[in-house]
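Let me begin by presenting the structure, written as structure tokens, before commenting on it.
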Amino acid sequence: MRYLLMTAVLCVAGYFAWSQFKPKAPPPPPPPPPAILTEPAPLISPDEVAKVVKSASDQNAEVRWQAIVFLDKMKVPAAFDVMFEKMRKDPEIELRIKVITLLGQRGAQKVTVTTNSSDPLSPVYSADPTSREKRVGDIAQHLVAGARDSIPEIRIAALQALEVMGDYSVASAVTDSLKDPDEKVRLQALRTLNTLQDKKAALIEAERKRQEELRRKAEEAAKSGLPLQN
């Protein structure tokens, strides 16, 4: 019996000694480094882009339009200059209207509105600094000019594009269209002004709520004696 007990003790001690000094498993290998994604080559070369720019002056209106769409998709810097020219001078009214509509959409995508701490009623408009075009102001100016075009359909399209953009800094210029001889233009000017006012009111309301939240936090911090957390 004593022999069996000693044997068991020795076995247990031997196991613990073995587990203490047994070679440890190597640590897992480090994860592979992240793959470095290279910028894919553009679909066509700069020389070929120049050919597309020339196609924007083709005799066929659909060819001109498809060239403009392609330049826009390719994010070619010259795309806006082409569009500005076509919205002013293209012989096809329908194409001019399509270009104006596209400009309004592009302007709306690039406008960033931030509140102005010193004047909540005057927000700050800025363009996306990472985008290819920092030309929101240019777009708005050309659309305002389009609202004074000799063709009523162009004036209406320009006012609709300004409505889509939502830059209410052009509101004063839009009021000039309230004197337009065409009643449809006057009606669209009022629609544009209403939309711009709604967007401005929404921004003012958002700023009011932010100020109320800051005031509430300041009151809670004053009661608790803790510093205000932004």
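Would you confirm, using the coordinates I've provided, whether residue 110 is charged (D, E, K, R), at pLDDT 75 or above and closer than 22 Å to residue 135 by Cβ? Outline the logic, then answer.
Details: charged (D, E, K, R): yes; at pLDDT 75 or above: no; closer than 22 Å to residue 135 by Cβ: yes.
No.
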Residue 43 more than 30 Å from residue 153 (Cα to Cα) and modelled with pLDDT under 75: no
Test result for residue 185, in contact with a Gly (Cβ under 7 Å, 6 or more places away or on another chain) and in a helix (DSSP H, G or I): no
Cβ pairs under 9 Å, 6+ apart, first in the range 166-180 and at positive phi, second surrounded by fewer than 19 Cβ atoms within 10 Å (Cβ to Cβ) and of a type in the set (S, T, N, Q): 166/195
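Give me a count of the residues in the range 58-77 that are in a loop (DSSP other than H, G, I, E, B) and either modelled with pLDDT of 95 or more or loosely packed, with under 14 Cβ neighbours inside 10 Å (or both). So that I can check it myself, show each step before the final result.
Initially, the range 58-77 is screened for residues in a loop (DSSP other than H, G, I, E, B), giving 58-60, 74-77.
Checking the rest, the ones that are also either modelled with pLDDT of 95 or more or loosely packed, with under 14 Cβ neighbours inside 10 Å (or both) come to 58-60, 75, 77.
The number of residues fulfilling the criteria is 5.
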Conditions (1) of a type outside the set (A, V, I, L, M); (2) modelled with pLDDT under 95; (3) part of a helix (DSSP H, G or I); (4) buried (at least 17 other Cβ atoms within 10 Å of the Cβ): number failed by residue 86: (2)
Test: residue in the range 163-172 that is modelled with pLDDT under 95, hydroxyl-bearing (Ser, Thr, Tyr), out of contact with any helix residue (DSSP H, G or I) (no Cβ under 9 Å at 6 or more places or on another chain) and surrounded by fewer than 15 Cβ atoms within 10 Å (Cβ to Cβ): yes
Checklist (1) within 17 Å of residue 143 (Cα to Cα); (2) surrounded by 12 or more Cβ atoms within 10 Å (Cβ to Cβ); (3) of a type in the set (Gly, Ala, Ser) applied to residue 206, failing item: (1)
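Determine, yes or no, whether residue 135 is under 18 Å from residue 106 (Cα atoms) and either exposed (fewer than 13 other Cβ atoms within 10 Å of the Cβ) or of a type in the set (D, E, K, R) (or both).
Criteria met by residue 135.
The values are calculated or read from the model by the stated rules, or taken from the named source; none is laboratory data. This is a predicted model, so every value here is computed, not measured. Neighbour counts are summed over all protein chains in view; Cβ atoms, including those assigned to glycine, are modelled from backbone coordinates with ideal geometry.
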